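J.: Okay, handing you the structure first.
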Amino acid sequence: MDRVEMRRVGSDTPMGRMMREYWIPAALSSEMVAGGAPVRLLVMGEKLIVFRDGMGQVGVVDHRCPHRGASLFFGRNEKDGLRCVYHGWKFDVEGKCLDQPNVVERDKTLDKSPARAYRATDRNGLIWVYMGPRAVPPPLPDFGPLEFPGDQLIVAASQARCNWLQALEGAIDNSHTGFLHRTELENRLKRGGSGPDTELLRYFLACQNPELEALDAEWGTMYGNRRPARPGTAYWRVGHFVFPFWSIPTPGPFGRDRQVLGWIPMDDTHTFHISLRWAGNDRGPRAQESAIIETLPNTTDWYGRWIPAANAENDYQMDREAQLRGDSYTGIQRIPNQDRMAYESMGEMSDYDVEHLKSSDLMISRTRRRLFAAAEAHERGTMPPAVDNPSICNGARGGDYLAAENLKFIDSYREQMREIDKAGAAVEVK
Ligand code: FES
Ligand SMILES: [Fe+2]
């Protein structure tokens, strides 16, 4: 299959089958209240309804009622389940049919007509769905901020109107930061004072074409950007791709802040994007700056959730005058809006034939290769990384640091891991 098609995620595609091996975060826990309105969810190209019954349990079902196919979106959310308003059939959170009130007693078949339901659970402020083939689902992921309880997380959601991999690649694209986000970084430097963050930021801004190393890792892929720093040292910025749709950025000094980004396919051309940031060390404006963006009020449309206020229809609220005056490199406010402009403007599924990838894009080409190879291997029966052992993802940590000038990337990374915890030995890079 060609590389364009490999990005598709329907249930009949290699990537779609591989992704369905994992738990998939599909909504924020706050989107549905007990006994409240069911919500239309588009996940991996499938139209689903999520609801929280009167007892607070979450159910995810095919939107079509198994009786005659009317949409359960219009259902009545009752204490113990969702009742279709067409003929009154009722289903619990596991899809079990509880009532067929329009059918004569001798013809009732409650056990033979369940709603098609997926396993769902509520954790870290997110509703997770398992859409895979196993009767007993694998463990939930537990890496990065996902290790922390929901009340210690800053959770933000937005929708990207393009393919999930294209959006994810925006987060592991290495050399754009010093251009696309230049104004924000320069402003941060001006505000900065004289702490270590400021010193690192200075090295960062001084070099726009760092050396890039990209490696395969147990959990996916990882990169290090190397820039000149104080005599005898090198300045590294590190990030990761984690199977199947996560990225770990460089949120600050290595080992201090924890952030993970999810790029979850709604379908082939729409992406549910989440940012989870551990609030432990940084509850201030900087944590907010990198994560939460203004979104329009959610609607009940399949595509109506978490649409950013700055979007393609208004040119991301670009201020051309500010750009011309030199006040802003892009004229677009906020880092996430700048990122979204870049990857959405490639079109809903970018055309690989127009690309000219260079050494600055090694992380992107390596990640595509690793992902597509894993999806092909999965077709032949090989389970992709971290499905059964999600804790390996704990070896993936992002951040920046100074290391001895002569250290290889992976050795400098292991050294940092040893410093922040005892997990250094567990970091294996193939
Ligand atoms: S279509 Fe739902 S009860 Fe008939
Ligand atoms: Fe960016």
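J.: For the range 312-327, take each phi angle, set θ = phi - 60°, evaluate the Karplus expression 6.51 cos²θ - 1.76 cosθ + 1.60, and give the result in whole Hz per residue in order, putting x for glycine and proline.
T.: So the J values, rounded to whole Hz, are 4, 5, 10, 6, 6, 6, 5, 10, 4, 4, 4, 5, 5, 6, x, 6.
J.: Can I ask one more? With an 8 Å cut-off on Cα pairs and a minimum separation of 6 or more residues, tell me the relative contact order of the range 75-189 in percent. Before the final figure, lay out each step's value.
T.: Numbers: 95 pairs, mean separation 13.0, N = 115.
Once normalised by length, the contact order is 11 percent.
J.: Go ahead and run the numbers for FRET between GLU376 and GLU415, Cβ-Cβ distance against an R0 of 56 Å, rounding to 0.05. All intermediate terms of the calculation are to be shown ahead of the outcome.
T.: Numbers: r = 35 Å, r/R0 = 0.63.
Result of the calculation: an efficiency of 0.95.
J.: Something else: Between the range 27-80 and the range 349-425, what's the alpha-carbon centroid distance in Å?
T.: When both Cα centres are located, 36 Å separates them.
J.: What's the ranking of 159-172, 75-88, 42-55 by average number of surrounding C-beta atoms within 10 Å, highest first? Could you put the intermediate results ahead of the total?
T.: Working: 159-172: 24.0, 75-88: 17.9, 42-55: 20.6.
Most protected by this proxy first, the peptides run 159-172, 42-55, 75-88.
J.: Here's a follow-up. By the gyration tensor of its Cα atoms, with a ≥ b ≥ c the square roots of the eigenvalues, what is the shape of the chain: rounded for a/c under 1.5, prolate for a/b over b/c, or oblate?
T.: prolate
J.: List every residue whose amide H lies under 5 Å from the amide H of ASN174, counting only residues 5 or more places away in sequence or on a different chain, with H placed 1.01 Å from N in the peptide plane.
T.: When sequence neighbours closer than 5 places are left aside, there are no close amide H contacts.
J.: Now for a different question. Around ALA27, which amide H atoms from residues at least 5 apart in sequence, or from another chain, sit under 5 Å from its own amide H, with H modelled in the peptide plane?
T.: Here ILE127 satisfy the definition.
J.: Taking θ as phi - 60°, what are the ³J(HN,Hα) couplings along the range 57-72 by the Karplus curve (6.51, -1.76, 1.60), each to the nearest whole Hz, with x for Gly and Pro?
T.: Computed from phi, the couplings for the range 57-72 are 7, 9, x, 10, 10, 3, 6, 8, 4, x, 6, 10, x, 5, 6, 6 Hz.
J.: For a quick check: sort SER11, SER194, SER175 by the number of other beta carbons within 10 angstrom, fewest at the front. Before the final figure, lay out the partial values.
T.: On the way: SER11 12, SER194 7, SER175 17.
Going from least to most buried by this count: SER194, SER11, SER175.
J.: Same structure, new question: If amide H atoms are built 1.01 Å from N in the plane of the peptide, which residues on other chains or at least 5 residues away come under 5 Å of the amide H of GLY239?
T.: TYR223
J.: Could you list, by residue number, the cysteines of the chain that have no other cysteine's beta carbon within less than 4.7 Å of their beta carbon?
T.: CYS97, CYS162, CYS207, CYS393
J.: Still on this structure: With n ≥ 4 as the cut-off for DSSP H runs, can you work out [θ] at 222 nm for the chain, using -39500 (n - 2.57) per run divided by the number of residues, rounded to the nearest 500? Write out the running numbers ahead of the final one.
T.: Working: 10 runs with 93 residues, N = 430.
My calculation for the chain gives -6000 deg cm²/dmol from helical runs alone.
J.: So if each residue of separation counts as 0.36 nm, and I subtract the Cα-Cα distance between ALA309 and GLU78, what length gain in nm does that give?
T.: Numbers: separation 231, 0.36 × 231 = 83.16 nm, distance 3.43 nm.
Taking 0.36 nm per residue and subtracting the Cα distance, the gain is 79.7 nm.
J.: How high is the relative contact order of the chain, given as a whole-number percent (alpha carbon pairs under 8 Å, six or more residues apart)?
T.: Details: 903 pairs, mean separation 82.5, N = 430.
It rounds to 19 percent for the chain.
J.: May I pose another question? Quick check on the exposure proxy: order TYR352, TYR235, TYR413 from fewest to most C-beta atoms within 10 angstrom.
T.: On the way: TYR352 12, TYR235 23, TYR413 26.
The most exposed by this proxy come first: TYR352, TYR235, TYR413.
J.: I've got another one for you. Roughly how many nanometres apart are two label points built 7 Å out from the Cα toward the Cβ at ASN389 and GLU348?
T.: 4.0
J.: From a point 7 Å beyond the Cα of ASN298 in the direction of its Cβ, which residues of the range 48-63 have a backbone N at a distance under 13 Å?
T.: Under 13 Å, as judged by backbone N against the label point of ASN298, lie 49-52 of the range 48-63.
No value in this document is a laboratory result; all are computed from the given coordinates. Since this is a predicted model, take the numbers as computed values, not measurements. All Cβ positions, glycine included, derive from the backbone under ideal geometry; neighbour counts span all protein chains shown.
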